[in-house]
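S.K.: Quick one: the structure is below, and I'll ask about it shortly.
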Amino acid sequence: MPLSAAFVQQCRVLLGNRQVISDPESLRVYECDALSAYRQVPDLVVLPDSVAQVRALLKLCNQHSIPVVARGAGTGLSGGALPVSGGIVLGLSKMNRILAVDPLNCSATLQPGVRNLAISAAAKPYGLYYAPDPSSQIACSIGGNVAENAGGVHCLKYGLTVHNVLQIKLVTLEGRLLTLGGSGLDMPGYDLLALAIGSEGLLGVVVEITVRLLPLQPQTQVLLAAFASVEQAGAAVAALIADGLTPAGLELMDNAAIRATEAFVHAGYPVNAAAILLCELDGMPEQVAADSQRAIGILQHNAAVEIRTASDEPERRRFWAGRKSAFPAVGRIASDYYCMDGTIPRKQLACVLQRISAMAEACGLSVVNVFHAGDGNLHPLILYDARIRGDFEKAEVLGGQILELCVAVGGTITGEHGVGHEKLAQMCVQFQAAELAQFHRLKRAFDPFGLLNPGKAIPTLHRCAELGHLHVHHGQLPHPELERF
């Protein structure tokens, strides 16, 4: 149902005309996030610039039963910011101020629209930085990072967003402002902060974040190891971790990714290698030197055909520039690609990579592998051509098979991109009916009428039954009161 003129006018009264977007051409900017295969032109976009405006808007939407989809920088890869018909998109890009940097408490307080990379830039004069570093960090916002529990190449040692946030302020649909977490190492009661991080906008709208800052490391070294097969590279990852090393970053790229990236940014990668590992070690100079020699020995023992050590800081940056540019680089060699996100136990890396290759060949598509190998977070890029009828559908099927393979080997369907609109079917594979029902009950505690980002992250039991992933007795769905979500 279209939004009423009276509701739109009330939004204009609250925000002013310049912060309310309703003309069709401007609305198209917000029709999707970075998963552009799914699109829905929103009915209205509102751009508040203060906590007071967010609270007033959510109260208004609650009164009129209007769905709300919160949106950050639009770099998400699971359709989490996909608009819903009859609702509004609440964009947080205008709330982009760094409110405070506290060097004594090693923390920074930010509005949700602050870019990830801007946090470290603000902290650098104090000898500090913010550890989570998604590949999109030059553009992605901290609010979106919180919504999806983003990671990055350094999440192996320093953790995901959830491990680096001390406190958030969250506005509920009723307009209540909640403070979750605190400035200390731990807080009494249930860990509602961890619950909110990664909740994909289903529980409330994050309007302020306090993040943990870390001291800049005195020494950093990057090793590049080349292998004759992807499976050997995967086995080397497991060997490094099993030996007790915890690199700051440990990334794997296959030959297709190497060639595409080298042509794009000229990082100096060995283009004839079947796979490369990037292994970054940091800490005190003596420790880094010792760990580097130890890592080189392990890599040699695990069939590395070439090992390079970054000779200086510019070369270290080039090595990482290649990895962080892998997604746009692949975009230059394929008409379209579908980026998956699943996580598996490290010991399953070699086996899963073999299975992915076989599944891709069976359906006639190519896959480029780029991922956070140290923590088992896979990002297979499925290449397809949207101009060919049925090609995207084949990519969707293959993507679903890859995610279900992750579950089968003891992993999960997402590592850092979230579930969003994309992975609802695989949620039915990962979880049983009782677990999904509990998720819905939890959402109802924050959002009784299901107006916050509806249709995302948690599938209805009815949908799971239709997909054949839920056993139903006599046509009756368990917990029918939850089906409206």
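Please treat every number below as a calculation from the coordinates, not as lab data. Treat the numbers as computed from the prediction; the structure is a model and nothing was measured. Because the Cβ atoms are built from the backbone with ideal geometry, glycine has one as well, and the counts that use them run over all protein chains shown.
S.K.: Starting at the first residue of segment 392-397, write each ³J(HN,Hα) from the Karplus equation 6.51 cos²θ - 1.76 cosθ + 1.60 with θ = phi - 60°, in whole Hz, x for Gly and Pro.
M.R.: 5, 4, 5, 5, 4, 4
S.K.: When you count, for each residue, the other Cβ atoms within 10 Å and take the mean per peptide, how do 188-196, 66-74, 213-221 rank with the highest first?
M.R.: Result, highest mean first: 66-74, 213-221, 188-196.
S.K.: Considering amide H positions built from the backbone, and no H for Pro or chain starts, which residues 5 or more places from D102, or on another chain, come under 5 Å of its amide H?
M.R.: Placed amide hydrogens put S107, A108, T109 under 5 Å from D102.
S.K.: Explain nothing, just compute: Karplus ³J(HN,Hα) = 6.51 cos²θ - 1.76 cosθ + 1.60, θ = phi - 60°, for every residue of segment 384-390 in order, whole Hz, x for Gly and Pro.
M.R.: Rounded to whole hertz, the list is 8, 10, 5, 6, 8, 4, x.
S.K.: Please give the length that would be gained between E25 and L104 if that part of the chain were fully extended, namely 0.36 nm times their separation in residues minus their C-alpha to C-alpha distance (nm, one decimal).
M.R.: That works out to 23.7 nm of additional length.
S.K.: Okay, next question. Applying the Karplus parametrisation 6.51 cos²θ - 1.76 cosθ + 1.60 with θ = phi - 60° to the phi angles of segment 290-302, what ³J(HN,Hα) value in whole Hz is obtained for each residue in order, glycine and proline being reported as x?
M.R.: 5, 5, 5, 5, 5, 5, 4, x, 5, 5, 4, 5, 10
S.K.: Let me ask another. Sum -39500 (n - 2.57) across every DSSP H segment of at least 4 residues in the chain, then divide by the residue count to get the 222 nm mean residue ellipticity, nearest 500.
M.R.: -10500 deg cm²/dmol
S.K.: Next question. Any idea which of V20, N302, A445 is furthest toward the positive side of the dipole for the chain, if Lys and Arg beta-carbons carry +1 and Asp and Glu beta-carbons -1?
M.R.: After comparing all options, I get V20.
S.K.: Explain nothing, just the number: relative contact order of the chain, from Cα pairs under 8 Å at least 6 residues apart, as a whole percent.
M.R.: Values: 1044 pairs, mean separation 67.9, N = 485.
Worked out over the chain, it gives 14 percent.
S.K.: State, to one decimal in nm, how far the label point of A263 lies from the label point of S93, with both points 7 Å from Cα in the Cβ direction.
M.R.: Rounded to a tenth, the inter-label distance reads 3.1 nm.
S.K.: A further question follows. Under the 0.36 nm per residue contour assumption, what length would be gained going from the current alpha-carbon distance of S65 and R441 to full extension?
M.R.: Values: separation 376, 0.36 × 376 = 135.36 nm, distance 1.92 nm.
In short, 133.4 nm is gained.
S.K.: How would you rank 168-176, 269-277, 412-420, highest first, on the average number of other Cβ atoms within 10 Å across their residues?
M.R.: On the way: 168-176: 19.3, 269-277: 20.9, 412-420: 24.2.
So the peptides 168-176, 269-277, 412-420, ranked by packing, come out 412-420, 269-277, 168-176.
S.K.: If neighbour count is taken as other Cβ atoms inside 10 Å, put L92, L203 in order from fewest to most.
M.R.: Going from least to most buried by this count: L203, L92.
S.K.: Using only alpha carbon pairs under 8 Å that are at least six residues apart, calculate the relative contact order of segment 98-215 and give it in whole percent.
M.R.: 32 percent
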